[in-house]
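Visitor: Below is the structure I would like to discuss, written out as structure tokens.
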Amino acid sequence: MPIDNGEIEQVKQAIDIVSFIRSRGVKLQHKGKQYIGLCPFHNDREPSLVVDASKGLWNCLGACRTGGDIYRFVMRADSIDFKAAHQLLIREAGPQLAKQTMKQTAKQTPKPTKQKATAKRRTRDVHSGTG
């Protein structure tokens with residue numbers, strides 16, 4: 001069964017890519033709008049890993065010449081497929097993802113309008129014999 005794109009986006013939003021990559025032992029330094037560090041995927045002497053927190057993307061400008069989102073980072077770092085990366089990231093997101101999901105649900109739940117409330121009252125009155 002395919003993973004819903006909305007769920008994937010929620011996971012990406014719930015996890016700060018800079019903090020996540022740092023948690024994997026990569027030292028990142030803030031440079032302008034981005035963060036740079038040594039790429040963990042090859043023997044790096046000069047910082048070639050660039051992470052853009054606002055876009056949620058990373059890119060190796062060195063030997064790897066690859067990049068992507070947090071899913072691609074996990075897949076490459078752990079040598080796992082997308083589905084396994086998704087499960088790992090859901091566990092990582094934990095409470096933050098739960099909070100975000102609750103906010104999304106609250107936004108999507110339609111609030112009753114005056115017309116619906118009046119219609120319900122009329123239906124109730126008709127069935128109770130008062131209307």
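Visitor: When E92, E9 are ordered from fewest to most other Cβ atoms inside 10 Å of their Cβ, what list results?
Guide: Least crowded to most crowded, the residues run E9, E92.
Visitor: Quick one: of K27/K83; K31/K83; K27/K55, which pairs are farther than 25 Å apart, Cα to Cα?
Guide: Exceeds cut-off: K27/K83; K31/K83.
Visitor: Next question. Looking at segment 1-48, which trypsin sites (Lys or Arg not before Pro) are in a loop (DSSP not H, G, I, E or B) and have at most 14 other Cβ atoms within 10 Å?
Guide: R24, K27, K33, R45
Bear in mind these aren't lab numbers, they're just calculated from the coordinates by the rules spelled out. Since this is a predicted model, take the numbers as computed values, not measurements. Glycine also receives a Cβ, built like all others from the backbone with ideal geometry; neighbour counts cover every protein chain displayed.
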